[in-house]
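Below is one structure, written out as C-alpha cells; the observations come after it.
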Amino acid sequence: MALHFTESEFSARRTRLMARMAEEKLDALLLFAQESMYWLTGYDTFGYCFFQTLVVKADGSLTLLTRTPDLRQAKQTSTIENIVVWVDRMNADPAVDLRNLLSDLDLLGMRVGVEYDTHGMTGRVARLVDNQLNNFCEAVDASYLVSNLRLVKSPAEIAKVTEAAELADLAFDAALPLIGPGADEAEILAAMQSAVLAGGGDYPANPFVIGSAADALLCRYKSGRRKLSANDQLTLEWAGVASHYHAPMLRTVLIGEATSRHRELFTAATEGMRAIEQVLRPGHTFGEVFDAHAKVMDDRGLTRHRFNACGYSVGARFAPSWMEHQMFHAGNPLEIAADMTVFVHMIIMDSDKEAAMTIGHTYLTTEAGPRALSRHPLDLISV
C-alpha cells in the first residue's frame, strides 16, 4: 500500500472519529469530502468528481461506494477493505446503490450523518441522496464533523506541513532571481512549480496565483501571461505541498522604485501581521484574529482596501481549493488551540491608485505563540 502515515496513526484518527460520532449519536457517517477520506484512510484520488462516498459505521467499520476506476486506487492507497462498485450506465442513480448498501449494513431507521458542504457533493448528488434517504433513515448535516477533527494536527501531520513550508520556501528561492524588468511571468511560475515537484512535493489543490501591473490586485489565478515592466508590481500566492498537506505563502514584489503608497501599505501590512501574532494563540478565537487585522487596517483608513477575512486553517486538501472551512473572519467563535496549522495574510488592494501589497505565510500555533514555518522574513522586496 502507498500510505503516507502509519497504521497506528490511522487507528488513532478512527478512534477520535468514533468518539465524536458517539457524542453526536450517529449510527453512521457518509463521507463525501475527499480530504475526510484521505485523513481517515489514506485514500488518494481525484475520483470524487464522480459519485462516491465512504460509509463509516459507529463501530468503526468502513465501506467505500465508488466507480470501477477507483477500485484499485482505493486498494493501493488506503486502509479500506470493503469496496462496493456502482456501475456506470445510462440514467444511473448511484444513490439507489447507496440506499441498498445502507440497507445491507443494517442502517434502516438509523441516525446517519452526511457531509454536504464539500466539493465532492454537488447539488444534483445532494438531491439524489436526500431522495433515497427520505423515509429510510434520519439524515442529519454532519458537514464539519471530520473537518473540525482535522483542525488540530498530530506530530506526523505537523511534519508534513513543515515539509510543505520548506518546499514553499524553495519555490520562492527559485522565483526571486528571475524577477526584474522584462521577466516573463510564465518562467517565474514554471520555476516555482518545478521547485515544489523537484523537491518531492505535489501539485497544489488550486493553481498558484501570479499577476503583475493591474493584475497584481487580483487574488485568483487567471489565464494569460505578460512580461514585467521597468516599474511594476508582482503578486504571488503559492503553496508548498507534501502528501497533500499545504503551506501557502503570499508576497507582492516591487520592480523598480517603490512608491510612497506601496511603502505606506507595506507598513500597514506588517503592523497587521504583528498584531495578529499577539492573539494567534490559545485563549483567543478566530474572530479575534480578524479583529486585530481589521483594527490596524481601519485605523489607517484602509477599510475599503482590505478583505473581510485574513486567513484560514490549512492541512491536507484536494482541488479545487487548498482553503479549509475555518476562516479568520468577524464573529468566528472557534477557539485557537495548540498544534493548528494556519495561513495568515494581509491583502491590501488600492484600486484607486492600482497599488497592491500582500504578505502572508503559514504558522504553527503553540502555547507560547505562533511559529512561522517559513524562513523568509516579512520584508519589503524591491528589485
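The values are calculated or read from the model by the stated rules, or taken from the named source; none is laboratory data. Computed from a predicted structure; not experimentally measured. Using ideal geometry, Cβ is built from the backbone for each residue, glycine included, and neighbour counts are taken over all protein chains shown. Protein only, heavy atoms only, side chains kept; ligands, DNA and RNA dropped before computing areas. Shrake-Rupley method; radii C 1.70, N 1.55, O 1.52, S 1.80 Å.
Assuming R0 = 35 Å, what is the FRET efficiency of ALA214 and ALA368, from their Cβ-Cβ distance, to the nearest 0.05?
After rounding to 0.05, the efficiency reads 0.25.
At a 1.4 Å probe radius, carbon and sulfur cover how many percent of the accessible area of region 250-324?
So the carbon and sulfur contribution to the accessible surface is 50 percent.
Give me the percent of accessible area attributable to carbon and sulfur for region 7-150, probe 1.4 angstrom.
Accessible surface attributable to carbon and sulfur in region 7-150 totals 49 percent.
Could you compute the FRET efficiency for ASN135 and GLN76, with r as their C-beta to C-beta distance and R0 at 35 Å, rounded to 0.05?
0.40
Would you work out the charge dipole size for region 246-316 about its Cα centre, treating the Cβ of every Lys and Arg as +1 and the Cβ of every Asp and Glu as -1, and quote it to the nearest 20 debye? Mind showing how you got there, number by number?
Numbers: 9 positive and 8 negative charges, 27 e Å.
The calculation lands at about 140 debye.
Highest first, please rank the peptides 132-141, 201-210 by the mean number of other Cβ atoms sitting within 10 Å of their residues.
201-210, 132-141
Can you give the direction-averaged projected area of the convex hull of the alpha-carbon atoms in region 92-136, in nm²?
Mean projected area of the Cα convex hull: 3.2 nm².
Per residue, how many Å² of accessible area does region 236-376 show with a 1.4 Å probe?
35
For region 291-302, in order, what is each residue's ³J(HN,Hα) by Karplus, 6.51 cos²θ - 1.76 cosθ + 1.60 with θ = phi - 60°, in whole Hz (x at glycine and Pro)?
4, 5, 5, 5, 4, 4, 5, 5, 4, 9, x, 10
Going by average Cβ density within 10 Å per residue, which order do the peptides 287-293, 341-347 take, highest to lowest?
341-347, 287-293
What distance in nm lies between label points placed 7 Å from Cα along the C-beta direction at PHE46 and SER8?
3.6
Taking the 0 to 90 degree range and rounding to the nearest ten, how far is the long axis of helix 155-175 tilted relative to the main principal axis of the chain, both from C-alpha atoms?
Helix 155-175 and the main axis of the chain meet at about 40 degrees.
Beyond a 32 Å Cα-Cα separation, which of these cross-linked pairs lie in this structure: LYS75/LYS222; LYS227/LYS295; LYS75/LYS153; LYS295/LYS353; LYS153/LYS353?
Going by Cα-Cα distance, LYS75/LYS222; LYS227/LYS295; LYS153/LYS353 fall outside the 32 Å limit.
Taking only protein heavy atoms and a 1.4 Å probe, what accessible area per residue, in Å², does region 31-97 have with all protein chains in place?
Per-residue value: 40 Å².
Take the alpha carbon atoms of region 305-371, find their radius of gyration, then divide it by 2.2 N^0.38 Å using N residues; give the quotient.
Here the Cα radius of gyration is 1.26 times the empirical estimate.
For region 103-128 and region 218-253, write down the distance between their C-alpha centroids in whole Å.
37
Rounded to the nearest whole Å², what accessible area per residue is found for region 103-173 with the 1.4 Å probe? Let's see the in-between values first.
Numbers: 3210 Å² over 71 residues.
Per residue, region 103-173 has an accessible area of 45 Å².
So if I take the centroid of the Cα atoms in region 320-381 and the same for region 61-77, what is the distance between those two points in Å?
Region 320-381 and region 61-77 have Cα centres separated by 36 Å.
Classify region 173-286: rounded, prolate or oblate, from the alpha-carbon gyration tensor (a ≥ b ≥ c, eigenvalue square roots; a/c under 1.5 rounded; otherwise prolate if a/b is larger than b/c)?
Oblate, since a/c reaches 1.5 and b/c is not below a/b.
Which listed residue (LEU102, ALA22, THR118) has the Cα farthest towards the positive end of the charge dipole for region 7-150, taking +1 on Lys and Arg C-beta and -1 on Asp and Glu C-beta about the Cα centre?
Going by the Cα projections, it comes out as THR118.
From the phi angles alone, apply the Karplus equation (6.51, -1.76, 1.60; θ = phi - 60°) to region 337-350 and give each ³J(HN,Hα) in whole Hz, x where the residue is Gly or Pro.
Along region 337-350, the couplings run 10, 5, 6, 8, 10, 9, 9, 10, 9, 10, 10, 10, 10, 8 Hz.
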